[in-house]
Amino acid sequence: MPRIVVGNWKMHKTAAQTAAFLDVFLPQVTALPPAIEVVLAPPFTAIPEAARRLHGTRVRLGAQTMHWELEGAFTGEISAPMLLELGVTHVILGHSERRALFNETDHAVNLKVHTALEQGLTPIIALGETLAERKAGTTDDRVVAQSHAALKGVSGDALRRVIIAYEPIWAIGTGENCDPGEADRVMGTIRASRTELADTPILYGGSMTPSNVGAYAERPNVNGGLVGGASLDPEGFARLIANAVRS
Ligand code: PEP
């Protein structure tokens, strides 16, 4: 299974800043080995600029969310066909910031996963426990429930096109990354919760950096990373990718 590294830029970088990032980043990732896949998820407004620059490279283009309907009266929303037209191949769904700040429910995530798969986008389903859930000892129950809810009604071939990202919420953007052994254990629990997830790529997310990526990449249940803050600097992100390949 290839290692997958996804950069989630959140609400960072204009189109001009995206161009400046890629001027530095792309020359450093020209010789990616086949065993690694890199996805960049800029804000919607920077996607056309990113698409132009990424054309012909091995770096794929992701979006950070989308609506489950294909069109309609949903002010401010973006649909799968709109993303596909721009060359987007992946979409992050259910990020904890979408869940906490924009009321995205497990049901909405499930609807989006179905639409993404039907439309030919690869869903990257983010899930993870809060600090209170971890302290209460309910981490495993929480992530398995989120995974089941997101994948309800998804089976067979479609299930093989899904990527899961385990992101403990307390580790996102805090500099307090989850211990790699513990992350691997939780990810193994998610994998074991449904037999068809045996070959599903599961990524770790939460304060991943160029210096700690190696400790995750060598774990059996970790198939890569979903990277926020450390994906914003072109040299640092290229170094993180190189270290993920090396481990
Ligand atoms: C994220 O946004 O998915 C994330 C993991 O952020 P960070 O790497 O900054 O913790």
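The values are calculated or read from the model by the stated rules, or taken from the named source; none is laboratory data. This one's a predicted model, so the numbers in the text were calculated from it and none came from an experiment. Please note: Cβ atoms are built from the backbone with ideal geometry, for glycine as well, and neighbour counts cover all protein chains shown. Heavy atoms of the whole protein, side chains included, go into the accessibility calculation; ligands, DNA and RNA do not. Shrake-Rupley method; radii C 1.70, N 1.55, O 1.52, S 1.80 Å.
Below is a table of values for the structure above.
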quantity: Carbon plus sulfur fraction of accessible area for the chain, probe 1.4 Å, in percent; calculated: 55
quantity: Per residue solvent-accessible surface (Å²) - the chain, probe of 1.4 Å; calculated: 44
quantity: For the chain, built as a Gaussian network whose Cα springs stay under 10 Å, the top-fluctuating residue of H67, H95, H12; calculated: H12
quantity: R0 of 41 Å, Cβ-Cβ distance H148-L26: FRET efficiency to nearest 0.05; calculated: 0.60
quantity: Most fluctuating residue given options D184, D141, D157, as computed from a GNM of the chain linking Cα atoms under 10 Å; calculated: D157
quantity: Sequence of T45, T105 when ordered by accessible area, the most exposed leading, probe 1.4 angstrom; calculated: T45, T105
quantity: Among S155, S96, S79: highest mean-square fluctuation, GNM of the chain, C-alpha pairs under 10 Å; calculated: S155
quantity: Inter-label distance, nm, simple model (7 Å from Cα along the C-beta direction), E235/T14; calculated: 2.4
quantity: Rg/Rh for the chain, where both radii come from Cα atoms and Rh is the Kirkwood radius; calculated: 0.93
